[in-house]
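Data first, discussion second: the structure below is written as structure tokens.
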């Protein structure tokens, strides 16, 4: 079964797999990434808030970050940008951990990279009131400027050097024993990833709770507990939320009728769809489509 939660990043230059994504409440550059839904990827991620405030969720925990603050998210960790406050902006730097190792099976990889990336060290909030974190923030701002500026000869080396400096500053000041999450965290996360992936792949069908639970080889009761523990909602609530998200996308890009869209995202009853849509987005599907068209 393909795992749609497992995001595969596509870089502007495959020979230098490193990208900066700029996100506002209205746009995302580069296009095509699921920032407003749960996902995970094999790359490391540093996110810097450049304007306003955002709320980002990491393994079920919400973090509010203001301009000038940042977060590190380890590879394979379930995360989602929950909210980008109006007129806010953030940038995310994504790169593979092999960039920090220089070459496979190196001393650096075995001692300075894998002990951290393969651990239960999930994330780190980075703020300016801690001296070494302030240094990290300065480095992130420099990286942002480097991505915006013209890419002169040797640019890739300069970005790589700054990134290694960023990583070194962090690992010199982080104690894995104090930062690691409980040992059962990884198992909980893997279960949630399997169940949400099942929902993402089958939301348009008439799926039942037992099928969601079976995707992670769990009982129905344990399935419910896992969702409430990690995402603070039931599996059914998540299914409805995801169906509404996909229906909003269809309202934006198609001329399909409301009844047709309801059926395409898994609602058997159009009235139930309209009620659920209004509950989540505070407007009916027709009102949502009209508002979008007027802003274009």
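Taking other Cβ within 10 Å of each residue's Cβ, how do 217, 63 sort, fewest first?
On the way: 217 9, 63 16.
With the sparsest Cβ surroundings first, the list reads 217, 63.
Compute and list, largest first, the equivalent-ellipsoid semi-axes of the chain from the alpha carbon gyration tensor, each √(5λ) rounded to a whole angstrom. Write out the running numbers ahead of the final one.
Details: eigenvalues 251, 115, 57 Å².
Semi-axes from the Cα gyration tensor: 35, 24, 17 Å.
Using Cα springs under 10 Å in a Gaussian network model of the chain, which residue among 71, 220, 23 shows the largest mean-square fluctuation?
220
Relative to the longest principal axis of the C-alpha atoms of the chain, give the angle of the C-alpha long axis of helix 270-281, reported between 0 and 90° and rounded to the nearest 10°.
The answer is roughly 30 degrees.
Quick one: angle between helix 235-253 and the longest Cα principal axis of the chain, in degrees between 0 and 90, rounded to 10, please.
Tilt of helix 235-253: around 90 degrees.
Going highest first, how would you order 251-259, 235-243, 137-145 by mean Cβ packing within 10 Å?
Details: 251-259: 12.9, 235-243: 18.7, 137-145: 16.7.
The most tightly packed comes first, giving 235-243, 137-145, 251-259.
If one takes the longest principal axis of the Cα atoms in the chain, at what angle in degrees, from 0 to 90 and to the nearest 10, does the Cα axis of helix 285-295 lie?
For 285-295 against the chain, the angle is about 50 degrees.
What is the spin-label model distance, in nm, from residue 264 to residue 249 if the labels are put 7 Å beyond Cα along the C-beta direction?
A separation of 1.1 nm, rounded to one decimal place.
Please report how far the C-alpha centroid of the stretch 156-177 lies from that of the stretch 221-296, rounded to the nearest whole angstrom.
41 Å
Going by the alpha-carbon gyration tensor, a ≥ b ≥ c the square roots of its eigenvalues, is the stretch 100-254 rounded (a/c under 1.5) or, if a/c is not under 1.5, prolate (a/b greater than b/c) versus oblate?
prolate
Which three extents, in angstrom, do the Cα atoms of the stretch 40-110 have along their principal axes, listed largest first?
Computed over the Cα atoms, the extents are 45, 23, 13 Å.
Which residue, 66, 14, 248, has the most motion in a Gaussian network model of the chain that connects Cα atoms within less than 10 Å?
Result for the chain, Cα springs under 10 Å: 14 fluctuates most.
Running a GNM on the chain with Cα contacts under 10 Å, which residue among 246, 283, 151 ends up with the highest mean-square fluctuation?
Sorting by GNM fluctuation, first place goes to 151.
Expressed in whole Å with the largest first, what are the equivalent ellipsoid semi-axes of the stretch 19-173 derived from the C-alpha gyration tensor as the square root of 5 times each eigenvalue?
Numbers: eigenvalues 109, 68, 48 Å².
Computed over the stretch 19-173, the values are 23, 18, 16 Å.
Average projected area of the Cα convex hull of the stretch 169-253, in nm²? Show your work: numbers first, answer last.
Numbers: hull surface 32.3 nm².
If I average the Cα hull's projected area over directions, I get 8.1 nm².
Taking 8 Å as the Cα distance limit and 6 or more residues as the minimum spacing, I'd like the relative contact order of the chain as a percentage. Intermediate results must be reported in sequence, preceding the final value.
Working: 420 pairs, mean separation 41.7, N = 296.
After rounding, I find 14 percent.
Where q = 0.15, 0.17, 0.25, 0.30 Å⁻¹, what log10 of I(q)/I(0) comes from the Debye formula for the stretch 92-141, counting one point per Cα?
Each listed q corresponds, in turn, to -0.54, -0.67, -1.03, -1.05.
The numbers here are math on the coordinates, done by the rules we state, and not lab data. Worth saying up front: this structure is predicted, and the values here are computed from it rather than measured. Counting neighbours? That spans all protein chains shown, and the Cβs are built from the backbone with ideal geometry, glycine included.
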